[in-house]
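Colleague: My questions all concern the structure below.
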Amino acid sequence: QHLERILYIIWKDPYMAAGRNTFIQSMLDAAGYVNAIEDPDSRYPELTVEDIQKIQPEKLLLSSEPFPFKRKHTEEVRDTFPGIEVQEVDGELFSWYGSRMLKSASYFKDLQS
């Protein structure tokens, strides 16, 4: 089974992504994604448009928090990165500890279908 190389984007202006040394990385693993950020010590790197183009992710996951990505942002990101799939995701299910995690497994399965 092919695992998609993704960037999990948490902020805009500047773009920031979840790196490898984060709780979100654990959730990306559980969801069946490969984080396109390769530095094992990375936390939340700032990325330019050029950085993202060089990384060449297959998909950008736009988190609903801490930056509240909405449809207008998604369209802007799609225009900025033609050829890269863009998807809005529920940031709480990727990054909040506690009882919300009970919903994460079924949410991740739905994302992949």
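The values are calculated or read from the model by the stated rules, or taken from the named source; none is laboratory data. In this text, all values refer to a predicted model and were calculated from it rather than measured experimentally. With ideal geometry, Cβ positions are generated from the backbone for all residues, glycine too; neighbour counts draw on all protein chains shown. Note: accessible area is taken over every heavy atom of the protein model, side chains too, but ligands, DNA and RNA are not part of it. Shrake-Rupley method; radii C 1.70, N 1.55, O 1.52, S 1.80 Å.
Colleague: Using just the helices of the chain, give the 222 nm mean residue ellipticity in deg cm²/dmol: DSSP H runs with n ≥ 4 each add -39,500 (n - 2.57), and the total is spread over all residues, rounded to 500.
Modeller: -10500 deg cm²/dmol
Colleague: Kindly sort Val34, Val86 by accessible area of their heavy atoms, largest first, with the probe set to 1.4 Å. Show your work: numbers first, answer last.
Modeller: Working: Val34 50, Val86 5 Å².
I get Val34, Val86, largest accessible area first.
Colleague: Can you sort Asp90, Asp29 by solvent-accessible area, 1.4 Å probe, largest first?
Modeller: Ranked list, largest accessible area first: Asp29, Asp90.
Colleague: In debye, nearest 20, what is the charge dipole magnitude of the chain about its Cα centre with +1 on Lys and Arg Cβ and -1 on Asp and Glu Cβ, if you could check?
Modeller: Approximately 320 debye in magnitude.
Colleague: OK, next. Give me a comma-separated list of calculated 3J(HN,Hα) values for the range 76-93, in order, Karplus coefficients 6.51, -1.76, 1.60 applied at θ = phi - 60°, integers in Hz, x for any Gly or Pro.
Modeller: Listing the rounded values in order: 4, 5, 4, 5, 6, 10, x, x, 10, 5, 10, 9, 7, 10, 7, x, 4, 7 Hz.
Colleague: Another one. So how long is each side of the chain along the principal axes, counting just the alpha-carbon atoms, biggest first, in Å?
Modeller: So the three principal-axis extents are 36, 31, 30 Å.
Colleague: Let me ask you something else. Check which residues have an amide H placed less than 5 Å from Trp11's amide H, if you skip close sequence neighbours.
Modeller: Residues meeting the criterion, in which the H sits 1.01 Å from N, are Met16.
Colleague: Students often get this wrong, so check it: of Lys72/Lys109; Lys59/Lys103; Lys70/Lys109; Lys72/Lys103; Lys12/Lys54; Lys54/Lys103, which have C-alpha atoms separated by over 24 Å?
Modeller: Pairs exceeding 24 Å: Lys72/Lys109; Lys72/Lys103; Lys54/Lys103.
Colleague: Rank these residues by their accessible area, most exposed first, probe 1.4 Å: Phe94, Phe67. Intermediate results must be reported in sequence, preceding the final value.
Modeller: Details: Phe94 0, Phe67 40 Å².
Order by accessible area, largest first: Phe67, Phe94.
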